[in-house]
Amino acid sequence: MNEGGTWLRSWRFAITATAAFALAFIAAHWIDYAVVNALYTRDLYDEDWAKAFRSVGYLPVWVVFAVGLFLTDRLRYRGQGLKLKLRRAALVVSATVVAGLLAELFKMLLRRNRPRFHLDHHTFRSWAHDFWSTAGFGLPSSHTTVAFAGAAAMSLLFPRHAVLWLLAATGCAYSRIANSDHFPSDVILGAFVGCATAWALWARFFHLREDTGLPPLNSC
């Protein structure tokens, strides 16, 4: 395992990243509306590049990546157990699915509305009004959550290319703000939920100890 991969998987990294996310989330509340107004681009998703970045937060895209991993590992570990062939694909799928569900749960509990141009402050919906619906809620951004869950999972599997995966997820987050669908604090919380979900699943279920006799999860 390379040094960069070791750092990415360490508890020190997890604690440092959590603290950074918390500080960024708190600070973002002071500039949420200013950033949304500054970055707003009319008809943004008419642009192909914006659609491409938005698709990074679309769950089926990560399912396609997972299928590709499975087909690769199916040939690579020919004659060995199905668990070995599925483990990398399972990390990507489980991280994005669980993170997406958590995003919807947080929306239901936090109940903060999306940006509104005629207001300069955050608004919330009453718990008594349509409790089970998350329509119109923005905290956290579901697209950003899924994007960062997938990017974090792929970064754990391929740490040498982590910057590329995380840049793609960041592009998704930027497009959500620039289209006035979310505040910066929405995408920051989404990024944290996505990354934390992928890291926690990897640490709990997919991190194989040396005594298992199986090759490292990210071995190529």
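The values are calculated or read from the model by the stated rules, or taken from the named source; none is laboratory data. The structure displayed is predicted, hence computed values, not measured ones. When we count neighbours, we look across all protein chains shown, and the Cβ atoms used for this are built from the backbone with ideal geometry, even at glycine.
Return the total of residues in region 61-85 being outside any helix (DSSP H, G or I) and either out of contact with any Lys or Arg (no Cβ under 7 Å at 6 or more places or on another chain) or closer than 22 Å to TRP165 by Cα (or both). Walk me through how you get there before you give the answer.
Let us first name the residues in region 61-85 that are outside any helix (DSSP H, G or I), namely 77-81.
Retained after the next criterion (residues that are either out of contact with any Lys or Arg (no Cβ under 7 Å at 6 or more places or on another chain) or closer than 22 Å to TRP165 by Cα (or both)): 78-81.
Count: 4.
Could you please find all residues in region 114-129 being surrounded by 15 or more Cβ atoms within 10 Å (Cβ to Cβ) and in contact (Cβ under 8 Å) with a residue 24 or more places away in the chain? Those that are surrounded by 15 or more Cβ atoms within 10 Å (Cβ to Cβ) and in contact (Cβ under 8 Å) with a residue 24 or more places away in the chain: ARG114, PRO115, HIS122.
If the requirement is being at pLDDT 90 or above and under 25 Å from LEU91 (Cβ atoms), which of these qualifies: PRO115, PRO140?
Numbers: PRO115 fails: under 25 Å from LEU91 (Cβ atoms).
Only one candidate qualifies: PRO140.
Within region 6-51, the residues that satisfy the criterion of being of a type in the set (Gly, Ala, Ser), assigned to a helix (DSSP H, G or I) and exposed (fewer than 14 other Cβ atoms within 10 Å of the Cβ) are ALA19, ALA20, ALA22, ALA27, ALA34, ALA38.
What are the residues in region 108-138 that are more than 25 Å from the chain's Cα centre (by Cα) and closer than 16 Å to TRP30 by Cα, if any? Passing the criteria: LEU119, ASP120, HIS121. Whether a residue is of a type in the set (Ser, Thr, Tyr) and surrounded by fewer than 24 Cβ atoms within 10 Å (Cβ to Cβ) was assessed, and SER133 passes this test.
Among the residues making up region 56-103, a single one is over 20 Å from TRP202 (Cβ atoms), without any contact (Cβ under 8 Å) to a residue 24 or more places away in the chain and surrounded by 15 or more Cβ atoms within 10 Å (Cβ to Cβ): ARG74.
The rows are residues; the columns are (1) at pLDDT below 95; (2) farther than 21 Å from ALA191 by Cα.
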position	(1), (2)
TRP30	yes, no
ARG42	yes, yes
PHE53	no, no
LEU71	yes, yes
ARG87	yes, yes
VAL92	no, no
THR96	no, no
GLU104	no, no
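Considering only residues that are touching a residue at least 60 places away in the same chain (Cβ under 8 Å) and closer than 19 Å to PHE25 by Cβ, which ones fall in region 150-168?
Looking only at region 150-168, we keep the residues that are touching a residue at least 60 places away in the same chain (Cβ under 8 Å), and these are 150-151, 153-160, 162, 168.
Selection gives ALA151 alone.
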